[in-house]
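Read through the structure below, which is laid out as structure tokens, and then see the notes.
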Amino acid sequence: MRIFLTGFMGAGKSYLGQELARLLGFGFIDLDTLIEAEEGKPISAIFAEKGEAKFREIERENLISLAGFSKVVVATGGGAPCYSNNMAWMNGHGVTVYLHAPVAILASRLKNEKEKRPLLSSLTDEALHNFIEGKINERKQFYEQSHLSFEVPENGLEGLEMLANYLRRFLQK
């Protein structure tokens, strides 16, 4: 069984995903980290050198390569569910969980990470807030196709044990 975590950048897919994997006794894979290892360069360099369309092709190939894995939690990139019918593929090959976080929390988390995030690098704080709000509105139609939705806590791992217990029951069916 595979569990795919979806949601906007900064929602905590990697952080919460690692902890969820630990609680479930599963492995953990960060799709962006996998892509960086395969390509030998950071996501920002792939975007800069090859463009977003090529990055999305690479992302799709790496996502599909996970079909052979079981008992794994996968942190997807924020845009992964929105391209190449990826959301339908993930729904057909595992359990998807939308990590939903308010714009204010996302903006607070992302304002110090702009240099690592190609889509954010040149934005002011106000522009960042507006960008996040706009992108979430564009992408929520995909995120909301997830099997489950989880409200991301402002700090820490509150509620994650409850999600893990629910997933254990869900996976036993």
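No lab work stands behind these numbers, since they all come straight from the coordinates. Predicted, not measured: the structure shown is a model, and the values here were computed from it. Counting neighbours? That spans all protein chains shown, and the Cβs are built from the backbone with ideal geometry, glycine included.
Placing pseudo-labels 7 Å out from each Cα toward the beta carbon at residue 130 and residue 67 gives an inter-label distance of 4.3 nm.
Considering only 121, 72, 51, and ranking their Cα positions along the charge dipole of the chain that arises from unit charges at the beta-carbon of Lys, Arg, Asp and Glu, the one farthest toward the positive end is 72.
Under the convention that each Lys and Arg Cβ holds +1 and each Asp and Glu Cβ holds -1, the size of the dipole of the chain around its Cα centre is about 480 debye.
Name the shape class, rounded, prolate or oblate, that the alpha-carbon gyration tensor gives for region 2-172, where a ≥ b ≥ c are the square roots of its eigenvalues, rounded holds for a/c under 1.5, and otherwise prolate holds if a/b is larger than b/c and oblate otherwise.
oblate
Each Cα pair under 8 Å and six or more residues apart adds its separation to the average, and for the chain the resulting relative contact order is 34 percent. Enumerate by residue number the GluC sites (Glu not before Pro) in region 96-173 meeting two conditions: DSSP loop (anything except H, G, I, E, B), and at most 15 other Cβ atoms within 10 Å of the site's Cβ. Loop-located and lightly packed - 113, 144, 154, 158.
For the options 108, 146, 14, a Gaussian network treatment of the chain with springs between C-alpha atoms closer than 10 Å singles out 108 as fluctuating the most. When Rg and the Kirkwood Rh are both derived from Cα coordinates, the Rg/Rh ratio for region 124-167 amounts to 1.10. Screening the chain for DSSP H helices whose Cα atoms reach 27 Å or more along their own axis and whose mean Kyte hydropathy is at least -1.0 gives nothing. Over the chain, DSSP H runs of length four or greater, each weighted -39,500 (n - 2.57), average out per residue to a 222 nm ellipticity of -16500 deg cm²/dmol. Considering only C-alpha atoms, what is the centroid distance from region 28-83 to region 134-173, in Å? That distance is 20 Å.
Each residue in 56, 169 was given a count of other beta-carbon atoms within 10 angstrom of its own, and listing them fewest first yields 169, 56. By its C-alpha gyration tensor, with a ≥ b ≥ c as the square roots of the eigenvalues, how is region 22-94 shaped: rounded for a/c under 1.5, else prolate for a/b larger than b/c, else oblate? In terms of gyration-tensor shape, oblate.
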